[in-house]
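**Q** A single structure is presented below for examination.
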Amino acid sequence: MSKTKTTVTITVNGDVYRLGVGNAAGDISPADTLAETLRERLLLTGTKISCDDGACGCCTVILNGKAVPSCTILTVECDGADIQTIEGLQNPRTGELDEVQQAFVDHSAFQCGYCTPGIIMASEALLQENPHPDEEEIKEALAGNYCRCISHYQVLEAVKQAAERRK
């Protein structure tokens with residue numbers, strides 16, 4: 001009697017990945033978080049792992065249209081999911097940054113850069129859902145992202161600029 005191999009299929013930045021789940025070489029563990037799979041298996045290291053508890057927002061990705069901390073979600077829970085990471089924002093043909101990324105550069109809304117991908121992804125999810133947020137809506141959307149290096153004033157200005165450029 002042969003055992004059927006369990007697989008998880010996810011779409012990340014438009015690319016489809018079929019991942020074996022188990023203990024064989026090349027498989028992901030059933031205990032792997034989405035953050036671990038993105039970084040270690042798919043080599044998408046823009047997603048950062050910091051608190052590993054969902055409290056800081058560094059690992060934020062867009063999962064089926066919503067900003068989520070990828071360190072709190074098991075990869076096996078993502079079967080059939082559409083995932084966007086920081087690497088998926090940049091134009092793949094030209095290398096041009098998207099509006100949110102460019103606005104963060106324009107406003108120096110980063111320092112060490114460790115939390116920046118998560119903040120950008122939370123901002124992107126907000127603008128996908130609400131293209132014209134007011135300042136309070138921006139603050140609410142970014143409430144799950146923690147940064148010790150910068151003033152969030154620059155981040156607010158960057159998100160406002162990105163929203164304006166998308167009009």
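**Q** Go ahead and run the numbers for FRET between Gln90 and Ala25, Cβ-Cβ distance against an R0 of 41 Å, rounding to 0.05.
**A** About 0.80, to the nearest 0.05.
**Q** Need the full-extension length gain, Asp15 to Asn64, defined as separation in residues times 0.36 nm minus the C-alpha distance. One decimal, nm.
**A** Result for the pair: 16.2 nm of gain on full extension.
**Q** Just to be sure I understand: with springs between alpha-carbon atoms less than 10 Å apart, which residue in Pro133, Pro117, Pro69 has the highest mean-square fluctuation in the Gaussian network model of the chain?
**A** Residue with maximal mean-square fluctuation among Pro133, Pro117, Pro69: Pro133.
**Q** Any idea what the relative contact order of the stretch 7-85 is, in percent, if you count C-alpha pairs under 8 Å spaced at least 6 apart? Each step should come with its number before you reach the end.
**A** Values: 149 pairs, mean separation 29.1, N = 79.
About 37 percent, as a whole number.
**Q** Report the net charge of residues surrounding Glu157, where surrounding means a beta-carbon distance below 11 angstrom and charges are Lys +1, Arg +1, Asp -1, Glu -1.
**A** Charge balance in the 11 Å sphere: -2.
**Q** Using a Gaussian network model of the chain with C-alpha springs under 10 Å, which one of Ser123, Ser108, Ser70 is most mobile by mean-square fluctuation?
**A** Of the options given, Ser108 has the highest mean-square fluctuation.
**Q** Take the chain, connect every pair of alpha-carbon atoms lying under 10 Å apart with a spring to form a Gaussian network, then pick out the residue of Asn145, Asn64, Asn23 with the largest mean-square fluctuation.
**A** Asn23
**Q** Relative contact order, percent, of the stretch 1-151 when contacts are C-alpha pairs under 8 Å separated by at least 6 residues?
**A** 24
**Q** Over the Cα atoms of the stretch 7-85, each weighted equally, I'd like the Debye log10 I(q)/I(0) at q = 0.13, 0.23, 0.27 Å⁻¹, rounded to two decimals.
**A** Evaluating at q = 0.13, 0.23, 0.27 Å⁻¹ gives log10 I(q)/I(0) of -0.33, -1.06, -1.43.
**Q** What is the Cα radius of gyration of the stretch 99-166 over 2.2 N^0.38 Å, N being its residue count?
**A** 0.95
**Q** Kindly sort Phe110, Phe104 by accessible area of their heavy atoms, largest first, with the probe set to 1.4 Å.
**A** Order by accessible area, largest first: Phe110, Phe104.
**Q** For labels at Leu97 and Glu140 in the simple 7 Å Cα→Cβ model, what's the distance in nm?
**A** 2.8
The values are calculated or read from the model by the stated rules, or taken from the named source; none is laboratory data. In this text, all values refer to a predicted model and were calculated from it rather than measured experimentally. Glycine also receives a Cβ, built like all others from the backbone with ideal geometry; neighbour counts cover every protein chain displayed. Keep in mind that these areas ignore ligands, DNA and RNA; they rest on the heavy atoms of the full protein, side chains included. Shrake-Rupley method; radii C 1.70, N 1.55, O 1.52, S 1.80 Å.
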